[in-house]
Amino acid sequence: MQPYRHIGACLAVAVVLFGTVARADDATPSKGGVALELNAADLVGEACRITFVATNTGTAPIDRAVYETVLFGADGAVMMLTLFDFGALPAGVPRVRQFQIADTACGRIGSLLINGAGTCTVDDAESEACTKGLATSSRLNIALQG
């Protein structure tokens, strides 16, 4: 019976150690960032209206986020470089933003690349909150990369 007592003691120590590690991970704040989802693309007249769902996953509100975005054609060639102004992004609250790309059929767009943040302010100061921890996804056959 002696060996079983040692196994029980080892298991008890392991449970305490792993429990401590799990609690330490839970206490570590998340880095945060911005999650951008390409949600829809609709032809409106001669323009493609692109719809994003943007969520600031950080703890501080972003006063203004402007992303430099590259549109690639279905053939992979650069179609244009433009700025999308997402405005204010409160912490933890999804926001829907729409942009119209004049004289462009949605079917011509193969992918979008978030090339960086042209403007990103938090508490009226320049910040890296818009690019650090940037996560991109797409519900469409148009890829979104960042």
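The values are calculated or read from the model by the stated rules, or taken from the named source; none is laboratory data. Because the structure is a prediction, the values reported are computed rather than measured. Ideal geometry is used to build each Cβ from the backbone, glycine not excepted, and the neighbour counts take in all protein chains shown. In case anyone asks, the SASA skips ligands and DNA or RNA and just uses the protein heavy atoms, side chains included. Shrake-Rupley method; radii C 1.70, N 1.55, O 1.52, S 1.80 Å.
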Estimate the FRET efficiency between Asp75 and Arg95 by the formula 1/(1 + (r/R0)^6), using the beta-carbon distance for r and 41 Å for R0, to the nearest 0.05.
0.80
Extension reserve of the Leu43-Arg108 stretch, reckoned as 0.36 nm per residue once the Cα distance is removed:
22.3 nm
Arrange the residues Ser111, Ser137 by how much accessible surface each exposes, largest first, with a 1.4 angstrom probe.
Ser137, Ser111
Out of all Cα-Cα pairs in segment 47-146, roughly what percent, to the nearest whole number, are more than 19 Å apart?
40
How far apart, in nm, are two points set 7 Å out from the Cα along the Cα-to-Cβ line at Glu126 and at Thr59?
2.5
